[in-house]
1. Scan the range 56-98 residue by residue and report those that are surrounded by fewer than 22 Cβ atoms within 10 Å (Cβ to Cβ), farther than 30 Å from ALA181 by Cα and touching a helix residue (DSSP H, G or I) at 6+ places or on another chain (Cβ under 6 Å).
2. Looking at the range 65-86 only, could you name the residues that are polar (S, T, N, Q) and closer than 17 Å to HIS158 by Cα?
3. Can you name every residue in the range 128-144 that is among the aromatic types (Phe, Trp, Tyr) and under 17 Å from ALA73 (Cβ atoms)?
4. Which one of these does GLU47 not meet: (1) among the acidic types (Asp, Glu); (2) over 22 Å from THR193 (Cα atoms); (3) surrounded by fewer than 16 Cβ atoms within 10 Å (Cβ to Cβ)?
5. GLY202 is checked against (1) touching a Ser or Thr at 6+ places or on another chain (Cβ under 9 Å); (2) of a type in the set (Gly, Ala, Ser); (3) within 16 Å of ligand 1 (Cβ to nearest atom) and fails just one. What number does that condition carry?
6. Does VAL62 fit the bill of being within 30 Å of GLY153 (Cα to Cα), assigned to a helix (DSSP H, G or I) and either in contact with a Gly (Cβ under 6 Å, 6 or more places away or on another chain) or within 16 Å of ligand 2 (Cβ to nearest atom) (or both)?
7. Could you say which residue among LEU97, LEU92, LEU122, LEU88 is touching a residue at least 40 places away in the same chain (Cβ under 8 Å), part of a strand (DSSP E or B) and more than 15 Å from ligand 1 (Cβ to nearest atom)?
8. Could you check the range 50-68 and list, in sequence order, the residues that are within 14 Å of ligand 1 (Cβ to nearest atom) and either of a type in the set (A, V, I, L, M, F, W, C) or in contact with a Leu (Cβ under 6 Å, 6 or more places away or on another chain) (or both)?
Amino acid sequence: MGKQGPMRIHIDGDTYFLAMTGAGVSAESGIPTFRGEGGLWENHSFEKLASPEGFESDPALVWRFYSHRRRVARECRPNAGHHALAALERRLGERFLLVTQNVDGLHRDAGSERLVELHGNLFTSRCADCARAPFEDRAVFGNGAPRCEECGGRLRPHIVWFGERLNAEHFEQIEAFLGRARRGRLVFLAAGTSGVVFPAAGLVDVARQFGAETWLVNVDPPENAHRFEHFVQGRSGEELPRLL
Ligand code: BV8
Ligand code: ZN
């Protein structure tokens, strides 16, 4: 891991830029991170609530958890970090891709379009029991769990829970981008992530296999900091506009 990196990343006409964000990027918009507050909600572990087992055993509790997060997230606005990434996308076009672990939708609100929501989206639901397509859903549920209008089955948040596979199409999209990036110079930047959740935390290693110059922006050195050449310690809302 390099020393405090230079304050700007060299980005020019043949730079391909892959960014990955975690909860730290949304923290400055008022969305609590996962491991900051000990990862508990109403004394339930986050990993338990965000799991198929948790949903099986108490769907109403899981829907109360996600309804709480919908209430919090819908009052939040993108911050300068989100906007800096959206601006870079407008500048680089198809030479830019943003992969986020966040489910809060703030990158989309900031105008990001070349975006992969690796862990799903808080404001989308789907049916756990029929092949109905995932649909936008901003509703909150105080008690009880909503049923599917089409089959009467159980609705669930369209989110990747612990122990669930990620969407294979997302990996194909990332691999295709990395393949194209061989034509130029690849930069990989991760911001606001503790680097403990896989496979997202392994993306830096994949990028390095494709020859990426790697950067990490975080308020403190997380677990996988040593995997990055450049580490910029600071808040993403301040550092991203400066770096990009
Ligand atoms: C899979 C959706 C397998 C939910 C999320 C045992 C049993 C089961 C699975 C496992 C197991 N052991 C390991 C695993 C694998 C597991 C995993 O990695 N677990 C971890 C905990 C060890 N992974 C999975 O289960 C994945 N699936 O492996 O499937 C499989 C394979 C084949 C066939 C079948 C199955 C699924 C992972 C996806 C889980 N879903 N989210 C929801 O959100 O409700 S992950 C969840 O954590 C969030 O998405 C979050 O984004 C993500 C990562 O957290 P971070 O974003 O990094 O946030 P965190 O709070 O941790 O860190 C924030 C950082 O920002 C901190 O470092 C902080 O210092 C910094 N920061 C704070 N403020 C700022 C800042 N930095 C800059 N500026 C600031 N202002
Ligand atoms: Zn259904």
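Any read-out appearing in this document is the output of simple, stated calculations on the displayed coordinates, not a laboratory observation. Just so we're clear, the structure is a prediction, and the values are computed from it rather than from any experiment. Quick reminder, even Gly has a Cβ in these numbers, built from the backbone with ideal geometry, and neighbours come from all protein chains shown.
1. PHE65
2. Of everything in the range 65-86, just one residue is polar (S, T, N, Q) and closer than 17 Å to HIS158 by Cα, namely SER67.
3. Matches in the range 128-144: PHE141 only.
4. GLU47 satisfies every listed condition except (2).
5. (1)
6. Yes.
7. After ruling out the rest, the residue left standing is LEU97.
8. Once the filter is applied, which keeps residues that are within 14 Å of ligand 1 (Cβ to nearest atom) and either of a type in the set (A, V, I, L, M, F, W, C) or in contact with a Leu (Cβ under 6 Å, 6 or more places away or on another chain) (or both), the range 50-68 yields ALA50, PHE55, LEU61, VAL62, TRP63, PHE65.
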